[in-house]
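Worksheet: one structure, shown below.
The values are calculated or read from the model by the stated rules, or taken from the named source; none is laboratory data. A quick note: this is a predicted structure, and the numbers were derived from the prediction, not measured. Heads up, the Cβs are rebuilt from the backbone with ideal geometry, glycines too, and the neighbour counts pull from every protein chain shown.
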C-alpha cells in the first residue's frame, strides 16, 4: 500500500491543468470553502453533491496552505485515487486468498491506477469519474460477499457522485442475494436522496439544467461513438482568433437527447437477461456485466469522451482479477486499445491528417465492439466463465454461493468467498 499511496501522490501532483473542474465544480467548491452554503446551492456542481463533499477536507487544507485553484484541485484528486487504490488492495487480497500468482496481483493493482483513461480523467478535470467507479466496484464486492449494508452505503455515495452510477444500481442490488436486497436498496436510496434532494429543492432551475446536461442533448457526435459514422458533416467556424473552419459531425438534438436514456434501457434489458442466466455464473460475474454495460454506455453516447472509459476499464480489471487465471489479458488489451485510440502518435492528427477522425473511429469501434462481443459471449453464451475465484473455491462454498445467487437460503459460509 505504501507504493500505491506514493503512486497516487505522483499522479495527483503531476497534473498541471484543472480541465473541466474550473467551471463545473470549482464555483461550488469555492462557495463551501468560504462558508457560503447558499451560493453553493445556487452554483451547485454539474455532478452529485458527493463530487464536492468527498474532496472538501482536502480542498480546505490546500486553501489553508495558501494554495490556488490548481493545488485545491490536485489535493482533491487524492481521495479519488486513494479510493481506487483501496479497491486494488481489496482485489489483490481476494486474489491472494484464491491462489492467484503474485505477478497477476501486481498487474491488477498497477493497472487500476496507471492506465490511459485514469490519467485522462485527471487531466480533463474529472477525478469524480474514478471515485464513482471505485464506489461502484466496492459496492459490488460488498454485495457478492454478503454485506448488503456496506453495499448500500457505497452505492448510495456513487449515485450521489455521478449520474451514470444508476446503470450499476440494479446489478449491484441483485448481487446482494435473496433477502438482503431491500436493505441495501433502502440504505442506498436514503444516502442518494440526502445528497441529491437538497440541491433539487434549493435551486430547482439549476438542478434541472445540470440533469439535462448529464442526459445529453448536444448536437456533436464524438469520434469515440457508434453514432459518428452516421452523423452528418458540417463546417463550423471555431472561436480561435484566426476563426479556423472545422469539420464536425452532428446529429439531430432528438437523437442526442435520447441516446443516454437508451443506454440505461439497454442496461436494464441486459441485466434481466444476466439474471435469468445466473445459474451458469457466479456473483463475481456481476463485475463482468458492469464492464459490458459501461462499455455500451461509451459506445452509445454521441458525446463519448476518452475518460468515460475509466469505469468500464476498472470494472473489467476487477472482473478479470477475480475470474480469470493468470494475467488480466483482456484488460491489458483494452488498455492498449484505449492508449492507441487517444494517445498513439501513429493514430494522431499529425500522422493521419484529414483521415484522422475516420481512421480513429474505425480503429476504436473495431476493438471496442470485438471486446464487447467477447464479454457478451462470456456472460450470455451458455458457458460458465471459469476463472481464478470460481475454479479455486471449495466445492461446498461454491454450492453455497450458487444457492444464494439463484435465490435459495444463504449460509454464513457466504461471508468467506465470491
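A few notes on this one:
- Given (1) assigned to a helix (DSSP H, G or I); (2) out of contact with any helix residue (DSSP H, G or I) (no Cβ under 6 Å at 6 or more places or on another chain), number of the condition residue 73 does not satisfy: (2)
- Counted residues, the range 341-350 - those being over 19 Å from the mean Cα position of the chain (by Cα) and either in contact (Cβ under 8 Å) with a residue 24 or more places away in the chain or part of a helix (DSSP H, G or I) (or both): 6
- Test: residue in the range 220-235 that is modelled with pLDDT under 75 and in a loop (DSSP other than H, G, I, E, B): no
Rundown of residues vs (1) buried (at least 24 other Cβ atoms within 10 Å of the Cβ); (2) closer than 29 Å to residue 278 by Cα; (3) modelled with pLDDT of 95 or more, yes/no style:
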{"position": "103", "(1), (2), (3)": "no, no, no"}
{"position": "121", "(1), (2), (3)": "yes, no, yes"}
{"position": "135", "(1), (2), (3)": "yes, yes, yes"}
{"position": "155", "(1), (2), (3)": "yes, yes, yes"}
{"position": "164", "(1), (2), (3)": "yes, yes, no"}
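The rows are residues; the columns are (1) outside any helix (DSSP H, G or I); (2) under 24 Å from the mean Cα position of the chain (by Cα); (3) at pLDDT below 90.
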| site | (1), (2), (3) |
| --- | --- |
| 321 | no, yes, no |
| 327 | yes, yes, no |
| 330 | no, yes, no |
| 333 | no, yes, no |
| 336 | no, yes, no |
| 339 | no, yes, no |
| 352 | no, no, yes |
| 356 | no, no, yes |
| 361 | no, yes, no |
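- Selection status of residue 200, more than 25 Å from residue 330 (Cβ to Cβ), at pLDDT 95 or above, assigned to a helix (DSSP H, G or I) and in contact with a helix residue (DSSP H, G or I) (Cβ under 7 Å, 6 or more places away or on another chain): no
- Yes/no for residue 62 being over 17 Å from the mean Cα position of the chain (by Cα), under 16 Å from residue 327 (Cα atoms) and part of a helix (DSSP H, G or I): no
- Inter-residue pairs, beta-carbon under 7 Å, first under 15 Å from residue 142 (Cα atoms) and in the range 91-105, second outside any helix (DSSP H, G or I) and at pLDDT below 90, 6+ apart: 94/418
- Tally, over the range 296-319, of residues that are farther than 27 Å from residue 105 by Cβ and either at pLDDT 95 or above or in a helix (DSSP H, G or I) (or both): 7
- Residue satisfying condition, being part of a helix (DSSP H, G or I), in contact with a helix residue (DSSP H, G or I) (Cβ under 7 Å, 6 or more places away or on another chain) and modelled with pLDDT of 90 or more, within set 5, 40: 40
- Residue check for residue 302: under 19 Å from the mean Cα position of the chain (by Cα) and crowded, with 22+ Cβ neighbours inside 10 Å: yes
- Condition check for residue 109: in a helix (DSSP H, G or I), over 12 Å from the mean Cα position of the chain (by Cα), modelled with pLDDT under 95 and buried (at least 21 other Cβ atoms within 10 Å of the Cβ): yes
- Number of positions in the range 9-29 that are assigned to a helix (DSSP H, G or I) and either closer than 18 Å to residue 209 by Cα or touching a residue at least 24 places away in the same chain (Cβ under 8 Å) (or both): 12
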